[in-house]
Amino acid sequence: MNHSPSLPADFSALCQIDSCATVCAHLSEVQALAREKHAYGSHSLPTRFLRHADEQTVIGVRSILKAMATDTLENSDISNDAVIAATCLAGQPAAARTMIGLRDKGPVAVTPHIVPQCSLHSVASAASVGFGMHGPNFGVGGGIHAVSEGLLLAVTLAPMLAITSPSARIWLICTGWDQQPSLEPNGEVNNDPLCRGLTLLLKPTPSHSFDNARPQIRIISQQDSYSRGHYPADTPLKELYERLENRTRTTVAITNSCVIEITPPKLSPKVHKSNETVFQKEAP
Amino acid sequence: MVSKSSQIVITGIGATTPLGNSFNAIGDALQAGRSGIDWCDIGTFSRQQEHVVAQVQSVNLTMEKAVISPSWRIDKSSRLEQFAIVPAAHALADAGIQTSSCTFEQKNRIGFIAGIGAEQLKDWERDFLDGGHDVFYANRQPSLVHRAAQILDIHGPAATVAAACASSGYAIALGKTWLETGLVDACVVGGCDVLSPTALAAFHNLRALSRRDDNPKKASRPFDQDRDGFVMGEGGVFFVLERSDSALSRQSKIHGVLAGVGMSSDATHMVTPCSDPVQASRAITEALADARLSPADVDYINAHAASTPVGDAAEAGAIRDAFGAAAMKIPTSSTKSMSGHLISGAAAFEALACLVAIQRNIIPPTINLDTPDEDCLLRHVPHHSISLPVRVTASNSFGFGGSNLCLILKEAA
C-alpha cells in the first residue's frame, strides 16, 4: 500500500444537491400518514402501498415526495435514478411483535412481511418499487453510523452511475428516531418518539465543476474543510436534519482523517405542515 | 482516480460456509457435487426441533494473530460476528496484510464493506431467545462492520449495505468503486448471514422455502421442474480487493480480477421478481460493458437460481435476453443446489465459486437437476462438474425489492 496521505492529491468525489427535504412525525401519527395519498405531480404510490411498511419507510417516502416538490429539474425522468436509504434501527416495533408471536404461538404467527418490509433494504426498495426507479437500490447503515455511511456511499456511487446512466441521479434518504420506541413486554409501545426523514437528491458531478458556493456534497480531507460545524461519524440524524434546516455548511466524519462536507442549498424554508418542511430554491 | 491500466483484483479470500472454511475445501465440495444441506437444530421457539437447512458446522479458529485483536473473544461473540470477523481476518491474512505491521496511514487506507441484510433483527432475536429485552428498547451501539473493523485494526471507511439476497454482491461492487475513486488502497468486502427461527418462519410463511423435508440433500433443485423453493443457509465470505498496481507492487498473489459490475432494479414488487427480464438483463449487460467484454467471452455463468418456481424461470429469461445466442452455449449452474441460500452472504459465496471455476478449470454442477424445466432453457450442467477452460465468469444475484446484480470475474493475466 502506498504511503500517501489518507486521500490522494487527485482524489475527487462530488455531487450537486438538486433538492433537499425534511419530514418528521411522531410514532402515533405515522399510521395515519401511511394511509394518506402519496403523490406529487406525475409520481404517485399505489393505493395501500405502505400498509405493511415500517415507520421509517413511511417517513422516508414522505421526504422523497417533498424533495420532488423542490427538484430543480421539474418533471424530470426518474426511471433510471438510484435510491440509497440510510436507516437507523428500523423495524424495531414490528420485530418485537413478531418475536413475541413466535414465542407464544409458534412460526405461524410470524408475519411474512418482516423480511421484505422491515430489513435494511426495505426503505430503498419501497422507494424504487413505489416510484419506478430502475437504478441500483440498497440500504445502508442500520446502526448509529447510518448517516455518515449513507452520505459516503452516495458520493462514491456517483462516478459509476455517471458512466452507466449519465442522466441518472441518486435519492439519498436518511431516516431515524430521535429516541427509539420503548415497548412493554406485550409489544405495546409506551412512548411517542419523533421519526425524522431527510432526502437529498444528488446529481453526480465531475470534479472540474467544483464550485465552493454551490449546493453539493463531497469527500475531502478533514484539513481541507471550510466548515465550522463538524460532526462525528456516529452523528444522529437529528443533528444533520437541524443543520440543513438552518442552511448551515456541515461536515460529517467518515474516518479519522476524511469528512463529507455538505453545502446545503441557499433556501427559503416553506412550511407545508407543522411537521413537514420543504426547501425551495431562491429565485435567481 | 485510478490509472486506466489498473484493474481491481482479489488478493485475499476468507470463508466460513456449510461447504467448508477454506477456498480449497469449498472448491473440493463444489467439484465433487457435495451437498451441505441436512436436518439441523436451529434454535428454540420453532416448535419443530430440526429443519432442512445448510448450516455451518464449525468455524476455523486458526486465527492469524497479526490480523485480529487479541482482546476479541470468539466464544463470547454471536454467530453473525463470527461469520463476519473470522472470514474477514482470513481474507486479510491471505492477502498478506498484517495490520499489526501497518503504519497508521496504511490502516486509514483499508476500507470495509459488509453486506448484511438484517443485522439488528438477528441481534434482537438472539438476545430475545436468551431471555433478553434489547428488542424492547433497541440500545444504540455501533453496527457489526464498525466493531469488526476495530477488532481487525483497520481504520478506513466502513459501511454496511443491504440489497436483500444480493447484499454481499453490492458490497463487492461498491468496494470496486472505492478503489477506483482512490478512496482506499485495499477494501475488505463480502457478506454474511445466520440461520434464525424468525427468518425461517417468515420465508416459510411466504411459501419461499422448499417443503421437501423427506430428503434434505434433494431439497434444493434449481431449474428442475419439481423445484418448490429454496433452502436457507448461513455463513460468511469476504475478499480483499486491491488495485492491480498496488497488489503487484506488494507481490501479492492474485486470485482473480473483478472485471465488471452491473446493478439495476426491477421496481415492480417488494418480493416477487419481475417476469419481464429487461432490468435483470440490464444488470448483466452493464457488467459486461464495465468489463469491456462481450457475451461470447464468458465461459461460465453462476446463476442466482435459488430453486424457487418464479425466480429461476425469470433468471433464465434474463440470461437468454442478455447473452442472446451465447446463452445456450455458456455452461450455467447454480451452486445453491449444494450450499443452500446464504441470503446476505450468497453473492460473495457465488463469487468464490466462480474463482474456483477459474482456478480449477471446472464448471460446478447443479445437483438434483433431474428434469430441467422447459421455462429454464439454458446450457445446464446437471449432477456432476465438468472440466473446461474457464477464463471469464458471470455471477448473478437478485434480491427482494427487485435488486439485480451481476459480477464479472476473470482470471489474472
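Just so you know, in the range A:153-164 the residues that are more than 7 Å from chain B (Cβ to nearest Cβ) and open to solvent by 10 Å² or more (accessible area, probe 1.4 Å) include one that is farthest from B:LEU288 (Cα to Cα), and it is A:ALA162. When you scan the range B:179-194, do you find a residue that is outside any helix (DSSP H, G or I), aliphatic (A, V, I, L, M) and touching a His at 6+ places or on another chain (Cβ under 9 Å), even just one? No - not one qualifying residue is present in the range B:179-194. Starting from the range A:125-152, take each residue that is more than 7 Å from every other protein chain (Cβ to nearest Cβ) and list its partners that are among the small types (Gly, Ala, Ser) and assigned to a helix (DSSP H, G or I), counting only C-beta distances under 7 angstrom and pairs at least six apart or across chains. Once the first residue is more than 7 Å from every other protein chain (Cβ to nearest Cβ) and sits in the range A:125-152, its partners that are among the small types (Gly, Ala, Ser) and assigned to a helix (DSSP H, G or I) give A:ALA127/A:GLY60.
For the range A:23-48, the set of residues classified as open to solvent by less than 40 Å² (accessible area, probe 1.4 Å) and assigned to a loop (DSSP other than H, G, I, E, B) consists of A:HIS38, A:LEU45, listed by residue number. Residues of the range B:300-316 that are in a helix (DSSP H, G or I) and either surrounded by 21 or more Cβ atoms within 10 Å (Cβ to Cβ) or in contact (Cβ under 8 Å) with a residue 60 or more places away in the chain (or both): B:PRO309, B:GLY311, B:ASP312, B:ALA313, B:ALA314, B:GLU315, B:ALA316. The single condition among (1) of a type in the set (Lys, Arg); (2) at pLDDT 90 or above; (3) more than 28 Å from B:GLY191 (Cα to Cα) that A:LYS37 does not meet is (2). The residues of the range A:5-16 that are touching a Lys or Arg at 6+ places or on another chain (Cβ under 8 Å) and either assigned to a strand (DSSP E or B) or free of Cβ contacts under 8 Å to residues at least 24 places away in the same chain (or both), listed by number, are A:LEU14, A:CYS15, A:GLN16.
Filtered by the rule that a residue be modelled with pLDDT of 95 or more, more than 8 Å from chain A (Cβ to nearest Cβ) and open to solvent by 40 Å² or more (accessible area, probe 1.4 Å), the range B:255-288 gives B:VAL278, B:THR285.
You will find that of B:ALA171, B:ALA148, B:ALA164, the residue that is of a type in the set (A, V, I, L, M, F, W, C) and either facing chain A (nearest Cβ under 8 Å) or free of Cβ contacts under 8 Å to residues at least 40 places away in the same chain (or both) is B:ALA164 and no other. How many residues are of a type outside the set (A, V, I, L, M) and either in a loop (DSSP other than H, G, I, E, B) or over 17 Å from A:ASP81 (Cβ atoms) (or both) when one looks only at the range A:117-132? Residues meeting the conditions: 6.
Out of A:ALA21, A:ALA90, A:ALA34, A:ALA69, one residue alone is within 14 Å of chain B (Cβ to nearest Cβ) and of a type in the set (Gly, Ala, Ser). It is A:ALA90. Only one of the listed residues (B:SER395, B:SER385) is touching a strand residue (DSSP E or B) at 6+ places or on another chain (Cβ under 8 Å), within 26 Å of B:ALA219 (Cα to Cα) and buried (at least 23 other Cβ atoms within 10 Å of the Cβ). That residue is B:SER395.
The values are calculated or read from the model by the stated rules, or taken from the named source; none is laboratory data. The shown structure was predicted, so the numbers you read here are calculated from the model rather than taken from an experiment. Heads up, the Cβs are rebuilt from the backbone with ideal geometry, glycines too, and the neighbour counts pull from every protein chain shown. Please note that ligands, DNA and RNA were not included when accessible areas were found on the heavy atoms of the full protein model with its side chains. Shrake-Rupley method; radii C 1.70, N 1.55, O 1.52, S 1.80 Å.
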